[in-house]
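The values are calculated or read from the model by the stated rules, or taken from the named source; none is laboratory data. Computed from a prediction, not measured in an experiment: that's the story for all the values here. Note that we place each Cβ from the backbone using ideal geometry, even for glycine, and neighbour counts take in every protein chain shown. To get the accessible areas, we keep the full protein, side chains included, count just its heavy atoms, and leave off ligands, DNA and RNA. Shrake-Rupley method; radii C 1.70, N 1.55, O 1.52, S 1.80 Å.
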Amino acid sequence: QVQLVESGGGWVQAGGSLRLSCAASGLTFSNYAMGWFRQAPGKEREFVAAIPSRSGNTYYTESVKGRFTISRDNAKNTVYLQMNSLTPEDTAVYYCSADDSIWGATTTRPDYWGQGTQVTVSS
């Protein structure tokens with residue numbers, strides 16, 4: 001059974017930083033591209049960042065470029081999202097995803113979803 005478990009969310013003041021982690025099990029992690037999405041109250045889930053299964057380009061939505069960094073450690077079956085210079089507009093539930101293609105990891109129909117972790121940024 002595939003499980004993606006996010007952690008690291010919480011409350012932070014504007015301008016602060018958080019590092020999200022997503023631990024994967026039940027799949028061959030190094031074969032999967034990984035993504036991060038978020039969903040704010042009343043809004044649709046949106047793509048944030050994605051990273052291919054091994055080395056290669058990373059992808060970001062425009063609003064987080066230069067502030068967020070996605071990375072992965074295939075030895076630990078974990079993907080990370082370092083979030084800096086947070087603003088209240090970043091407040092959302094953050095989800096990680098896994099897909100067998102990098103393009104699938106940038107869509108809202110990946111092979112697998114995590115349960116999400118709440119990020120709240122206060123002004």
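Projected onto their three principal axes, the Cα atoms of the stretch 23-88 cover extents of 34, 25, 16 Å, largest first.
When a/c reaches 1.5 or more, the comparison of a/b and b/c decides; with that in mind, is the chain rounded, prolate or oblate per its Cα gyration tensor? Here the chain falls in the prolate category. Put a plus charge on the Cβ of each Lys and Arg, a minus charge on the Cβ of each Asp and Glu, and nothing anywhere else: the dipole of the stretch 1-121 about its Cα centre is then about 180 debye.
Taking θ as phi - 60° and the Karplus parameters 6.51, -1.76 and 1.60, the scalar couplings of the stretch 115-123 work out to 8, x, 9, 7, 10, 10, 10, 9, 8 Hz in sequence order, x denoting glycine and proline. The residue among THR87, ASN74, SER101 whose Cα reaches farthest toward the positive pole of the charge dipole of the stretch 45-118, with charges on the beta-carbon of Lys, Arg, Asp and Glu, is ASN74. The solvent-accessible area of VAL93, taken with every protein chain present and a 1.4 Å probe, is close to 40 Å². In a reduced charge model with +1 at each Lys and Arg Cβ and -1 at each Asp and Glu Cβ, the stretch 33-75 shows a dipole moment near 40 debye about its Cα centre.
Between the C-alpha center of the stretch 61-116 and that of the stretch 28-57 there is a gap of 4 Å. Amide H contacts under 5 Å for GLY10: VAL119, THR120, restricted to partners 5 or more places along the chain or on a different chain, H placed in the peptide plane at 1.01 Å from N. Think of the chain as having a plus end and a minus end, set by charges on the Cβ of Lys, Arg, Asp and Glu; of GLY16, VAL48, TYR112, GLY16 sits farthest toward the positive end of this dipole.
Amide H contacts of SER101 (H built 1.01 Å from N, in plane; Pro and chain starts excluded): ALA33 sit under 5 Å, all sequence-distant by 5 or more or on other chains.
The string of couplings for the stretch 18-26 from the Karplus curve (6.51, -1.76, 1.60, θ = phi - 60°) is 9, 10, 8, 10, 9, 9, 10, 8, x Hz, one whole number per residue in order, with x for Gly and Pro. Is the shape of the stretch 48-120 best called rounded, prolate or oblate, per the rule: a/c under 1.5 gives rounded, else a/b larger than b/c gives prolate, else oblate, with a ≥ b ≥ c the square roots of the Cα gyration tensor eigenvalues? In terms of gyration-tensor shape, prolate. Sequence-ordered 3J(HN,Hα) estimates for the stretch 38-46 from the Karplus curve with 6.51, -1.76 and 1.60 and θ = phi - 60° stand at 8, 9, 8, x, x, 10, 7, 5, 10 Hz, glycine and proline given as x.
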